[in-house]
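Worksheet: the structure to be examined is printed underneath.
We did not get these values from a lab; they are worked out from the coordinates using the rules stated. All figures in this text were calculated on a predicted structure; none of them were measured in a lab. All Cβ positions, even for glycine, are placed from backbone atoms using ideal geometry, and neighbour counts span all protein chains on display.
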Amino acid sequence: MEYLIGIQGPDFVLVAADNVAASSIIQMKHDYDKMFKLSEKILLLCVGEAGDTVQFAEYIQKNVQLYKMRNGYELSPAAAANFTRKNLADYLRSRTPYHVNLLLAGYDEADGPGLYYMDYLSALAKAPFAAHGYGAFLTLSILDRYYRPGDSALSLIRLNKRFILNLPSFTVRLIDKDGIHDMEKLPVADCSDCRAPGG
Amino acid sequence: MALQDVCGFLETLDDISPCTYLPNEMGYMWRTPFEFDRDSAFHFLFPPQQCSRKNRAPTLFSSTFSSLSPHQQPFQLSHGTTTLGFIFQDGVIAAADTRASCKGLICCPISQKIMPIHSHLVVNTSGSGADCMLWERILTREMRLYQLRHRKRLSINGAAKLLSTMLHPFKGTNVCVAATLCGWDGEETQDTLQSCMEIADVKEAVEQDSNVSAISDVSAQGGVKMASINEQDEISKDTQALNPTVSNQNTKNVLSTFGGRSGPRVCYVCSDGLQLKGEIISVGSGSPYAYAVLDDGWRWGMTVDEAVALAREAVFRATHWDAYSGNNVDLFHITAHGWRRRDREDLKEEYYREREREKKKIKEREKERQKREGDELVEGEGDIYSVHCG
């Protein structure tokens, strides 16, 4: 099952997605990137039905880039999230609804970091932490327990390391005022020595 | 009408569509055989739902078909076939079995599942046979048009994207196509060889050696025969005639492609919309068995013989375990020079050869065991218990 998680810190957003592209019982790829870069400081994480994810995410990605080309400046994360939600809602009651679950993470100069949770019924919510997939059932309660709004990036990365289910590896990225940074791909072996974060 | 009700004539929505030229209620009473919207130039490409997307008032087509729920696709592995494709330092291998099945019946034991699209691209198909044939032809046509319009050949990734986009409107309908595009991108110049070396260096660094000697043995017995490509020469003559501006390259039969590095490529496109690029792709009900063999034996630095042997072995094992795969194995090898086809091989022969080998091994093991027992008898004190322990 696919898994996405996002955590917002005081001046950054940390997101992670699993790397598996599966076709029923076979893992066809184990280094598949589910994050789509909408702009320098906005990432869209997309899981759901096989073709819909790529089609919808690329459609949003190209439209956000088109906006920048036409107007000279980029959409803010809030605007991008609402644009995405509007598109998803428009297709919802058509004959071709897109069955995708999304996390949109971005950093705005004025508003700071933002994490937006969107599901396939185009419900949009700005949240301090969010997750999609079966893993969400397990991790949301842990996040409730241990999340503090002022946590540093390091402690949140350690928090992230606990959440490995049966998925072999994850791509982790951090968005802050300097843009999008790749953290290392987490394999399962790294998590054996993790404990709860100290504070 | 009473007779119609009794017979169940025109009962299923699949057979019928309401008349468009009659008002609503009457249209439902009188039904005509299934007709596509004839206005569009591509009318055969789009399902009837497309009418309303072209800014027309929703026709009776759309209202009828919206009531049909999307076909619940069965468990994906019900594509009764084994096809595989993988890349390595010397090109791409595409292999498939030749059995076409329909539930429990073998419709055709000698079908061809690997079709060449152009001189440097072949496609492995699985899924519904009719859909695959149609979409192969559509893809061939679109790629040829692209080549004529832009004077460059579309890359494999581009072709996959094109096919994926063309299949997207049919998502949720009964179209069932799972195609693996295997081919070589790019110019056959020093650059190509250079980039291949680079890829090879990177891959060697992360590779583990695996034992392929057992597999190589198989191909030696089989007798490798590669047919030369007559078709490829024809295609190259064709492109020469139409694109004189491109012919100033030294290589006769390779056109350059847009963007990206050149080299071997394997791309999987599914009518669900799934599109994957990778190194090893296998599709069909026999794919788990093929994956097991391929994962074990694949290395980037394989020789052509090793790769061919690996592909044969993978298809053979899959046909052995899977009921819906079997009969023969087709094998294509694509390099920068184009594709080459290996003679179709009957796997029944391979199966009997394997049995002979097993019998021989059992005999040898039996001889060894007796020899060991004999030695122990000589060494031991002739106690009756020592014989049983041997």
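For B:CYS267, B:CYS107, B:CYS182, the sequence from fewest to most other C-beta atoms within 10 Å is B:CYS107, B:CYS267, B:CYS182. Summarising the overall dimensions of the range A:29-91 from its C-alpha atoms, the Rg and Dmax are 12.1, 38 angstrom. Where does the range A:4-187 land on the Kirkwood hydrodynamic radius, alpha-carbon pairs, in angstrom? Final number for the Kirkwood radius of the range A:4-187 is 16.6 Å.
Give me the percent relative contact order of the range A:4-187, please, defined on Cα pairs under 8 angstrom at least 6 residues apart. Could you put the intermediate results ahead of the total?
Values: 356 pairs, mean separation 56.0, N = 184.
After rounding, I find 30 percent.
Strictly over 28 Å apart at the Cα level, which of B:LYS161/B:LYS348; A:LYS62/B:LYS277; B:LYS103/B:LYS359; A:LYS29/B:LYS359 would you flag in this model? Result: B:LYS161/B:LYS348; B:LYS103/B:LYS359; A:LYS29/B:LYS359 exceed 28 Å.
Which three numbers, in whole Å and largest first, are the semi-axes of the equivalent ellipsoid of the range B:101-160 derived from its Cα gyration tensor as √(5λ)? If you can, show how the numbers build up before the last one.
Values: eigenvalues 160, 20, 15 Å².
Each semi-axis is √(5λ); the values are 28, 10, 9 Å.
Against the empirical 2.2 N^0.38 Å (N residues), the range A:83-142 has a Cα radius of gyration ratio of 1.26.
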